[in-house]
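For reference, the structure discussed in these notes is given below.
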Amino acid sequence: MHKSDAPIVMGQLGQSLDGRIATVGGESKYINGSHALDHLHGLRADVDAVVVGVGTVVADDPLLTVRRVDVPSPARVVLDPTGRADPGARCFREDGVRRVVVRRVGVNTPLAPGVETVALDGSRAFAPADVLAALRGAGFRRILVEGGARTLSAFVEAGAIDVVHVFVSPVILGSGRPGLELAPIESLKAALRPAQTRVQVFPDGDVLFECHLRAAPAETENHGTREPSLA
């Protein structure tokens with residue numbers, strides 16, 4: 001697979017028919033099927049860095065590697081303003097890939113050997129635009145914001161996402177954690193409507209919505225198949 005050079009910020013989430021990404025107790029494997037996982041690994045394969053919030057690292061301990069596509073894994077970036085992440089988390093394992101923690105200036109909790117630090121000013125949290133500027137300064141042009149829900153919601157609400165990939169599974173949870181939570185709106189006129197949406201139905205019933213949020217849709221042909229802040 002050839003990785004595109006076009007700069008882009010993508011987001012992704014997998015959810016149930018009623019918009020849930022996990023049960024009340026936090027169980028999320030596997031709401032979506034194997035096709036969704038294949039697609040996710042294809043997205044990872046086409047970016048320079050995968051970004052997650054520290055809450056995802058604490059709750060799920062993800063690897064964030066490419067295992068279903070035969071290409072090198074991207075850099076792994078954890079947004080961890082206060083230094084909550086366990087240095088022994090799986091995403092920090094040494095495997096020849098850059099590992100980066102974005103934290104607040106002055107936070108000095110231990111990191112795994114070889115993990116880079118990007119320090120940002122901020123009394124409480126980070127604005128997505130500041131995070132992206134710092135990551136681009138570190139050499140990352142193509143970025144995938146993978147989770148969790150709070151992190152992705154902040155980037156969407158800030159207008160920082162070019163394209164969001166939403167996998168919807170034909171299952172109804174009835175309760176649980178929502179995939180996106182944005183500021184309330186008074187009218188449907190204020191709803192966020194993608195400039196372009198592509199839809200693909202997979203054999204297991206999962207449906208992919210590839211939503212281009214910019215007025216001019218970004219190039220994503222090679223992926224394979226108020227300012228909010230981040231606490």
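Inspect all residues belonging to segment 108-118 and state whether any of them is assigned to a strand (DSSP E or B) and small (Gly, Ala, Ser).
Within segment 108-118 (the criterion being assigned to a strand (DSSP E or B) and small (Gly, Ala, Ser)), the answer is no, since none of the residues qualifies.
When only residues in segment 171-182 that are within 24 Å of Met10 (Cβ to Cβ) and not charged (D, E, K, R) count, which is surrounded by the most Cβ atoms within 10 Å (Cβ to Cβ)?
Looking at the filtered set, the residue picked out is Gly179.
Do you know which residues across segment 108-133 are under 18 Å from the mean Cα position of the chain (by Cα) and open to solvent by 30 Å² or more (accessible area, probe 1.4 Å)?
Ala129, Asp130, Ala133
Of these, Arg142, Arg136, which one is of a type in the set (D, E, K, R) and buried (at least 17 other Cβ atoms within 10 Å of the Cβ)? So that I can check it myself, show each step before the final result.
Values: Arg136 fails: buried (at least 17 other Cβ atoms within 10 Å of the Cβ).
Selected residue: Arg142, the only one of Arg142, Arg136 that is of a type in the set (D, E, K, R) and buried (at least 17 other Cβ atoms within 10 Å of the Cβ).
For segment 192-209, state whether one or more residues are open to solvent by 40 Å² or more (accessible area, probe 1.4 Å), assigned to a helix (DSSP H, G or I) and modelled with pLDDT under 95.
No, every residue in segment 192-209 fails to be open to solvent by 40 Å² or more (accessible area, probe 1.4 Å), assigned to a helix (DSSP H, G or I) and modelled with pLDDT under 95.
Name every residue in segment 47-60 that is modelled with pLDDT under 95 and among the acidic types (Asp, Glu), in order of residue number.
Asp60
Could you run through segment 40-57 and say how many residues are more than 17 Å from Ser73 (Cα to Cα), in a helix (DSSP H, G or I) and either touching a strand residue (DSSP E or B) at 6+ places or on another chain (Cβ under 7 Å) or open to solvent by less than 10 Å² (accessible area, probe 1.4 Å) (or both)?
Selection size over segment 40-57: 3.
So, in segment 66-107, exactly how many residues are under 28 Å from Asp5 (Cβ atoms), open to solvent by less than 20 Å² (accessible area, probe 1.4 Å) and assigned to a loop (DSSP other than H, G, I, E, B)?
Counting residues in segment 66-107 that are under 28 Å from Asp5 (Cβ atoms), open to solvent by less than 20 Å² (accessible area, probe 1.4 Å) and assigned to a loop (DSSP other than H, G, I, E, B) gives 2.
The values are calculated or read from the model by the stated rules, or taken from the named source; none is laboratory data. Since the model is a prediction, treat every value here as computed from it, not as a measurement. Ideal geometry is used to build each Cβ from the backbone, glycine not excepted, and the neighbour counts take in all protein chains shown. SASA here: full protein model, heavy atoms, side chains in, ligands and nucleic acids out. Shrake-Rupley method; radii C 1.70, N 1.55, O 1.52, S 1.80 Å.
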